[in-house]
1. Would you be able to tell me the number of residues in the range 29-47 that are in a loop (DSSP other than H, G, I, E, B) and under 27 Å from the mean Cα position of the chain (by Cα)?
2. Based on this model, can you work out whether P260 counts as without any contact (Cβ under 8 Å) to a residue 12 or more places away in the chain, over 24 Å from E207 (Cβ atoms) and either in a loop (DSSP other than H, G, I, E, B) or out of contact with any Gly (no Cβ under 6 Å at 6 or more places or on another chain) (or both)?
3. So which of T73, T110 ends up being among the β-branched types (V, I, T) and in contact with a Cys (Cβ under 9 Å, 6 or more places away or on another chain)?
4. Out of G172, G158, report the one residue that is within 19 Å of D191 (Cα to Cα) and over 20 Å from the mean Cα position of the chain (by Cα).
5. Look at N263 and say whether it is under 22 Å from G15 (Cβ atoms) and either within 16 Å of the chain's Cα centre (by Cα) or modelled with pLDDT of 95 or more (or both).
6. From the set of residues in the range 13-28 that are of a type outside the set (D, E, K, R) and open to solvent by 30 Å² or more (accessible area, probe 1.4 Å), which is farthest from the chain's Cα centre (by Cα)?
7. Can you find a residue that is within 24 Å of L250 (Cα to Cα) and of a type in the set (D, E, K, R) anywhere in the range 61-80?
8. Looking at (1) of a type outside the set (K, R); (2) in a loop (DSSP other than H, G, I, E, B); (3) more than 15 Å from the ligand (Cβ to nearest atom), which is the only condition W296 fails?
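The values are calculated or read from the model by the stated rules, or taken from the named source; none is laboratory data. Keep in mind that this is a model prediction, so the values were computed, not measured. So basically every Cβ, Gly included, is an ideal-geometry build from the backbone, and we count neighbours across all protein chains shown. Remember, those area values only see protein heavy atoms, side chains included, never the ligands or the DNA or RNA. Shrake-Rupley method; radii C 1.70, N 1.55, O 1.52, S 1.80 Å.
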Amino acid sequence: MTVNRRFTLVRRPKGVPVPEDFRLIEEPTASLEEGQFLLRNHYASLDPAIRGWMDDTPSYLPPIRLGDPVRATTVGVVAESRNPAFPVGSWASGLNGIEEYSLCTAAGFTSPVDPAAVPSITNYLSAVGAIGLTAYFALLEVGNPQPGQTVLVSGAAGAVGSLVGQIAKMKGCRTVGIAGGPTKCERLIRDYGYDAAIDYRGKSGRELASAIRAAAPDGVDVQFENVGGEILDAGLLALNPKARVVLCGLISQYNSAPLPSYNLWQLIVQGARIEGFILTQYIPRFGEAIPELAAWVKAGKLRVDEHIDEGIDQALPAFLRLFEGTNEGKMILKIAP
Ligand SMILES: NC(=O)c1ccc[n+]([C@@H]2O[C@H](COP(=O)([O-])OP(=O)(O)OC[C@H]3O[C@@H](n4cnc5c(N)ncnc54)[C@H](OP(=O)(O)O)[C@@H]3O)[C@@H](O)[C@H]2O)c1
């Protein structure tokens, strides 16, 4: 019998999640039926979206059921198998849970991954996983940046934002990043090639808007929004005619009530477009992007920073880093010792 430690949701959080919302339990792993395999999770991806799945509200995925492990994409090694497509010892990644072992079926969302195709297996949770795919499709398909245009990115030092800035540079754009604090702003320029960086902390909406205008004197053609609230609103004031606003995330309101937006009139005045992006709608096209993202990473053209905290008992503090802004790169939890 193998013991499985699982980080389960036992109460729906109100606002910022607290320890009482979760319980770390130990259970024996189930015996396998034909077609199933047991994945020994080595790493789990901690994503802001997980906070939404904890609520009992309709979304693109059903809410996490109380008593179930917190849903997360994991990468791991097949420990037991009754499925020839997933032999014991092979690597696989998919939407599972924050738990030491996940029981997977071929019909689930877990696919084999090739460790040789990437510098680090964790890249399947960052640049070559949902994060990279989000940056790639949301920027290139929804944002449609053209050479010489200006791309404004919020949450720019984070997992998605750091990749968006670099891909926009590859496409010949001028890039302006918004992040929290001087250290992150230095990294925007030094590590991710941003042309200009804006520290939003301590700035009113009005100050933010003038900082954006100063950093983007020719206006903004693509606003890549990860944060929402005052940051989204300030960016709208700098839009050029026919600009595209890519609504990728609104992390500033995941733990609070929705914030109003006062400057939507800019979309009318500029004949601009705002469009939501959800990665699941691009699943049939993942095969187009994964080889290109992997090649960029391997060639050193795309810098990937990963912030790895260790231990399933650290799941909550590691997750909360996303909302405190203390993650330096893609937030990942190492589960296997
Ligand atoms: N639509 C999709 O399919 C899809 C897929 C993946 C991710 N996303 C979205 O992409 C965004 C970024 O996700 P990620 O995984 O790359 O996370 P991340 O950017 O690596 O981490 C979150 C960052 O957000 C910033 N932040 C948190 N609370 C904030 C607040 N109240 N105001 C301003 N900034 C705040 C912090 O950076 P600072 O220190 O700079 O404040 C923090 O480090 C999220 O909104 C996420 O939901 C969407």
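1. Count: 2.
2. no
3. Numbers: T73 fails: in contact with a Cys (Cβ under 9 Å, 6 or more places away or on another chain).
It is T110.
4. Only one candidate qualifies: G172.
5. On the way: under 22 Å from G15 (Cβ atoms): no; either within 16 Å of the chain's Cα centre (by Cα) or modelled with pLDDT of 95 or more (or both): yes.
No.
6. Applying the filter and picking the extreme gives P28.
7. Yes, the conditions are met somewhere in the range 61-80.
8. All conditions pass for W296, except number (2).
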